[in-house]
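Input: a single structure, listed below in structure tokens.
Bear in mind these aren't lab numbers, they're just calculated from the coordinates by the rules spelled out. These numbers come from a predicted model, not from an experiment. Backbone-built Cβ (ideal geometry, glycine too); neighbour counts: all protein chains shown.
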Amino acid sequence: MMKITALKDNLLMGVSAVQKAVSTKNTLPILTCIKIEAKNNMLYFFGTDLEMGIQIHVPAEVIFEGVTVVPARHFIEIVRKLPSSLITLHLASENELSIQYENSQLTLRTLSSADFPALPEVSGDYEVHIQASLFKQMIKQTAFSAGTDEGRPLFTGILFETENDKIRMIATDTHRLALRQGVPKSQPESPQSFIIPAKMLSEIARLIYDEEEICRLSLTKNVCVFTISNIVVICRLLDGQFPNYRQVIPNQYKSKLEVKTKSILEAVERISLFTIGSDNSNTIQLSINDTIMTISSQSELGQGYEQLPVENEGEAVIISFNARYLLDAFKTIEAEKVVIEFTGPLSPCIMRPGETENLFYLILPVRT
């Protein structure tokens with residue numbers, strides 16, 4: 001006989017956090033629902049599609065403890081449209097939840113909570129703590145480089161490596177690679193590596209609203225749990241051997257330049273307007289000669305070029321890239337200048353913010 005009162009904003013925080021874990025295509029009706037539980041003067045929301053589970057608790061006045069399951073889509077829409085006032089949720093019968101506000105009442109049919117899958121308990125064979133702001137930044141700077149082809153599941157994940165007081169995240173779709181490393185707050189002495197689906201990590205980044213918090217990662221053999229403030233996210237690890245990314249990273253360069261990040265980002269954005277072609281390669285050409293970089297492209301739409309001053313050492317270079325890959329990288333580089341190293345017109349190029357070793361991108365050129 002659950003009964004609680006809570007602010008509309010707290011209810012909205014709860015449903016917004018768990019909605020991405022709710023299945024939209026599953027044939028099991030229970031997986032399209034949200035479980036709500038009132039206990040210890042908190043209201044808990046749960047959502048899962050069996051691959052990922054999200055739990056959050058928000059403040060509430062619990063009059064009677066209890067649990068129910070509601071259809072996610074309808075309940076989320078109701079909560080969004082409620083007035084900003086005190087809301088009462090009352091499970092008056094086993095299959096009916098009344099939603100009371102001001103002088104009004106809505107009634108929503110519910111399902112049996114006994115059918116809702118339990119989130120797995122993770123004992124934490126291995127644990128690492130990391131500042132939420134750093135973790136969010138690391139996800140932002142790597143997740144876009146992961147693959148999206150479900151036929152090659154390992155490439156849809158991000159490899160985590162911990163060793164020597166560092167944590168590294170590596171993502172690749174085989175055309176580009178992102179590597180970001182940082183210093184966690186704590187981690188075990190023995191090195192570890194595991195692969196987490198990139199889309200799960202992007203969802204975790206979305207859920208981090210207090211960047212001063214510490215994020216706790218707990219792992220068992222095939223499950224990872226992230227705990228940040230009042231939110232718990234559970235997901236399955238990807239099983240398999242991540243490719244040896246170190247083999248593809250060049251250890252020397254033939255040409256190295258430094259250019260203002262904002263200038264090259266804006267120039268590539270403008271010239272990429274002319275990269276639309278029938279082969280979807282979005283090809284843009286970089287030509288570096290002495291202290292001038294020329295960025296150019298042409299298609300049936302027309303053509304354009306821009307020239308930028310650069311600090312350059314080494315050989316002249318003419319090389320082509322997928323413009324989107326360049327833009328994705330430049331948009332996450334927060335330094336004033338970007339360093340780009342070339343190893344030849346058909347070899348991978350490395351770009352990093354300034355001279356830092358904590359972040360770099362590897363991009364394969366387009367053969368033209």
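Some observations on this one:
- Here segment 62-205 has an Rg and Dmax of 21.7, 61 Å, counting Cα atoms alone.
- Backbone geometry of segment 144-149 corresponds, through the Karplus equation with coefficients 6.51, -1.76 and 1.60 at θ = phi - 60°, to 3J(HN,Hα) couplings of 5, 8, 6, x, 10, 7 Hz, x marking Gly and Pro.
- Segment 1-27 and segment 198-226: distance between their alpha carbon centers, rounded to Å: 19
- Placing pseudo-labels 7 Å out from each Cα toward the beta carbon at Arg367 and Gln252 gives an inter-label distance of 2.5 nm.
- On full extension, the segment bounded by Asp125 and Ser16 gains 36.2 nm, given 0.36 nm per residue less the C-alpha separation.
- Cα→Cβ-extended label distance, 7 Å offset, between Asn40 and Leu86, nm: 2.5
- Sequence-separation-based contact order of segment 3-115, relative, with Cα cut under 8 Å and 6+ spacing, percent: 29
- Evaluated at q = 0.13, 0.14, 0.18, 0.20 Å⁻¹, a Debye calculation over the C-alpha positions of segment 3-115 (equal weights, vacuum) places log10 I(q)/I(0) at -0.42, -0.49, -0.84, -1.05.
- Unit charges at the beta carbon, dipole of the chain: most positive-side option, Gly314, Leu217, Asn41: Asn41
- Dipole in debye (nearest 20) - segment 1-134, about Cα centre, beta carbon charges: Lys, Arg +1; Asp, Glu -1: 480
- As computed over segment 249-363, the Cα convex hull volume per residue (Å³): 91
- Every pair of different Cα atoms in the chain enters the Kirkwood calculation, which places the hydrodynamic radius at 23.2 Å.
- Amide H contacts under 5 Å for Thr110, placed H, 5+ residues apart: Glu96, Leu97
- Contact order normalised by residue count of the chain, Cα under 8 Å, 6+ apart, percent: 13
- In segment 1-99, a dipole from Cβ-located charges (positive for Lys and Arg, negative for Asp and Glu) runs towards its positive end, and of Phe75, Leu89, Ala6 it is Phe75 whose Cα lies farthest in that direction.
- Part-to-part distance (alpha-carbon centres) for segment 95-162 and segment 331-368, which is given in Å: 32
- Whole-Hz couplings from phi, Karplus 6.51/-1.76/1.60, listed for segment 211-225; x for Gly and Pro: 6, 7, 6, 9, 8, 10, 9, 10, 10, 10, 4, 9, 10, 10, 10
- Restriction of the GluC sites (Glu not before Pro) in segment 174-233 to DSSP coil positions whose beta-carbon has at most 16 other beta-carbons within 10 angstrom yields Glu189, Glu211, Glu212.
- Measuring gaps between exposed loop sites in the chain (trypsin sites (Lys or Arg not before Pro); DSSP loop; at most 13 other Cβ atoms within 10 Å), the longest gap, sites not included, is 26-184.
- Cleavage-rule hits (GluC sites (Glu not before Pro)) in segment 76-139: DSSP loop, at most 14 neighbouring Cβ within 10 angstrom: Glu94, Glu102, Glu121
- Overall Cα dimensions of segment 126-245 - principal axes, largest extent first, Å: 35, 30, 23
- Lysines with Cα under 29 Å of Lys140, excluding same-chain neighbours fewer than 8 positions away: Lys20, Lys25, Lys166, Lys185, Lys199, Lys221, Lys256, Lys260, Lys262, Lys331, Lys337
- Which of Gln252, Leu364, Pro153, positive extreme of dipole for the chain (C-beta unit charges): Pro153
- Amide H partners (placed H, <5 Å) of Ile333, local residues excluded: none
- Low-density loop cleavage sites - GluC sites (Glu not before Pro) in segment 337-368, where at most 11 other Cβ are within 10 Å (DSSP): Glu355, Glu357
- Rounded to the nearest 20 debye, the dipole size of the chain about its Cα centre is 480 debye, using +1 on the Cβ of Lys and Arg and -1 on the Cβ of Asp and Glu.
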